[in-house]
Every structure is written in structure tokens, then in C-alpha cells.
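Trainee: This structure is in C-alpha cells; I'll ask about it shortly.
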Amino acid sequence: MTVPTADLETLVAAARPLVESDPELEMFLSLPPGTAGKGSGAGAGFPEEYRRVIEISNGPLFGRVVIFDERTAADMQDWIEQSTAGSEQELDRRTWFCAGLVNDNPLLLNLGSREIWGFPGVDRTWWIDGRLVRLAGNLDDFLTGTVFSARNYADLVGDTTEDHWLELLRRLEVQGGSR
């Protein structure tokens, strides 16, 4: 299947049937329905770009990249602030929104610039290492340009041995841009 460069909703819609039709992929990946149209006031108080993601898929698991569902996101804001108190890289909830994880390290949205930041590497303790780096200009660009790009995703997560999301991306063959 070849998918042209597209917005997040189109990419998730193309990937979802591949996950749901393959029992092995379904064990390791998840593209649950979004909150759109459920009238739940989903994501109230969360950044707009995060709310747009959970409207499409509430809590997607893209291999080693996780975007929290709305309930988990609410809990994680206190956790991220408490985990970094007194460390070299303090993260307060007035500046940062923890949208998910990459390799079990926080994926952060800067509430001022709207840029996406994270802690690279799989062999570091993120709150001790403190190497916070910019990953993308915004959450949509991060998801469509990195998470849905086989090459960029592999660069982001490092070890791709038996990575089911990378397998799905190769099947999907997203075309265009840097994908």
C-alpha cells in the first residue's frame, strides 16, 4: 500500500487497518479510536495540538513512541514536574506539557514555542542526564514527519531490532517529503 504525504488523520486511517488485521502487530501497536464526536470535552485544559491528536486516536502506541491517552496525560503532568524537582533539568507544568514517551523518556511540548522536545538515547536516565533536545517544530510535524517516516523514526528510536512500528511503516510506504 502506498500512502501519499498526508495529514495525521489520513495516516492513522491508513495504518489502523494494517494493525487491526495482523494479530502480531495488534499485540505491540495500538491506534485506538479518537475522542472526536464523543461529546466528552476531551482534553479540556490541554494544549490544542495535543487535543487534535487524541481526537484522531486517544492514546496511540507507535512502537517506541507513545502519545498518552487523555487520562494518563492528566496524571503525567504532576509526575514529570515532581520527577525533575532539584535535578539539572527541572520541568515545570507552566512551561512544558508531557504528551507521551519516546524510548520510555518524556516527549515534551513547550507551551511557549509549541516545539517538541525530548531526551535522546535509550541508555540514559533522562532526569539525570538532562540532555533535552528539540525534536520538531510542533506536534503535528513530529508525528507526520518523524513517527510516520521509516527513516526518521529509525533515527529517533535507535535500535529498531524487531520494531513492529517500523515494519508497519515499510508496509505502508508513506511517500513524499522526507518520508
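Trainee: Which pairs turn up if I take residues in region 144-156 that are farther than 15 Å from residue 12 by Cα and look for partners that are open to solvent by 30 Å² or more (accessible area, probe 1.4 Å) and polar (S, T, N, Q) with beta carbon separation below 9 Å, at least 6 apart in sequence or on another chain?
Mentor: Pairs that qualify, where the first residue is farther than 15 Å from residue 12 by Cα and the partner is open to solvent by 30 Å² or more (accessible area, probe 1.4 Å) and polar (S, T, N, Q), are 151/178; 152/178; 153/160; 154/160.
Trainee: What single numbered condition from (1) over 20 Å from residue 19 (Cβ atoms); (2) open to solvent by 30 Å² or more (accessible area, probe 1.4 Å); (3) part of a helix (DSSP H, G or I); (4) at pLDDT below 95 fails to hold for residue 140?
Mentor: (4) is the only condition that residue 140 fails.
Trainee: Going by the conditions given, is residue 32 at pLDDT 95 or above and either in a loop (DSSP other than H, G, I, E, B) or touching a strand residue (DSSP E or B) at 6+ places or on another chain (Cβ under 7 Å) (or both)?
Mentor: Values: at pLDDT 95 or above: yes; either in a loop (DSSP other than H, G, I, E, B) or touching a strand residue (DSSP E or B) at 6+ places or on another chain (Cβ under 7 Å) (or both): yes.
Spelling it out, residue 32 is indeed at pLDDT 95 or above and either in a loop (DSSP other than H, G, I, E, B) or touching a strand residue (DSSP E or B) at 6+ places or on another chain (Cβ under 7 Å) (or both).
Trainee: Still on this structure, I have one more. Give 25, 11 a once-over and let me know the one that is open to solvent by less than 10 Å² (accessible area, probe 1.4 Å), at pLDDT 90 or above and under 16 Å from the mean Cα position of the chain (by Cα). First the steps, then the outcome.
Mentor: Values: 25 fails: under 16 Å from the mean Cα position of the chain (by Cα).
Residue meeting the stated conditions: 11.
Trainee: Still on this structure: Which pairs do you get when a residue that is in contact (Cβ under 8 Å) with a residue 40 or more places away in the chain and within 12 Å of residue 53 (Cβ to Cβ), found in region 21-37, comes within reach of a residue that is aromatic (Phe, Trp, Tyr) and assigned to a loop (DSSP other than H, G, I, E, B), reach meaning Cβ atoms under 6 angstrom, with the pair 6+ apart or on two chains?
Mentor: From residues that are in contact (Cβ under 8 Å) with a residue 40 or more places away in the chain and within 12 Å of residue 53 (Cβ to Cβ), there are no pairs.
Trainee: Filter region 61-120 down to the residues that are part of a loop (DSSP other than H, G, I, E, B), of a type in the set (Gly, Ala, Ser) and over 27 Å from residue 160 (Cβ atoms) and list them by number.
Mentor: From region 61-120, those part of a loop (DSSP other than H, G, I, E, B) are 63-64, 68-69, 85-95, 103-104, 111-115, 119-120; that's our starting set.
Now narrow it down to the ones that are of a type in the set (Gly, Ala, Ser): 63, 85-87, 112-113.
Those that are part of a loop (DSSP other than H, G, I, E, B), of a type in the set (Gly, Ala, Ser) and over 27 Å from residue 160 (Cβ atoms): 85, 86, 87, 112, 113.
Trainee: Now for a different question. Criterion first (of a type outside the set (Val, Ile, Thr), in contact with a strand residue (DSSP E or B) (Cβ under 8 Å, 6 or more places away or on another chain) and modelled with pLDDT under 85) does residue 119 satisfy it? Don't jump to the end; show me each part of the working.
Mentor: Working: of a type outside the set (Val, Ile, Thr): yes; in contact with a strand residue (DSSP E or B) (Cβ under 8 Å, 6 or more places away or on another chain): yes; modelled with pLDDT under 85: yes.
It is true that residue 119 is of a type outside the set (Val, Ile, Thr), in contact with a strand residue (DSSP E or B) (Cβ under 8 Å, 6 or more places away or on another chain) and modelled with pLDDT under 85.
The values are calculated or read from the model by the stated rules, or taken from the named source; none is laboratory data. Since the model is a prediction, treat every value here as computed from it, not as a measurement. Neighbour counts run over all protein chains shown; Cβ positions are idealised from the backbone, glycine included. Note: accessible area is taken over every heavy atom of the protein model, side chains too, but ligands, DNA and RNA are not part of it. Shrake-Rupley method; radii C 1.70, N 1.55, O 1.52, S 1.80 Å.
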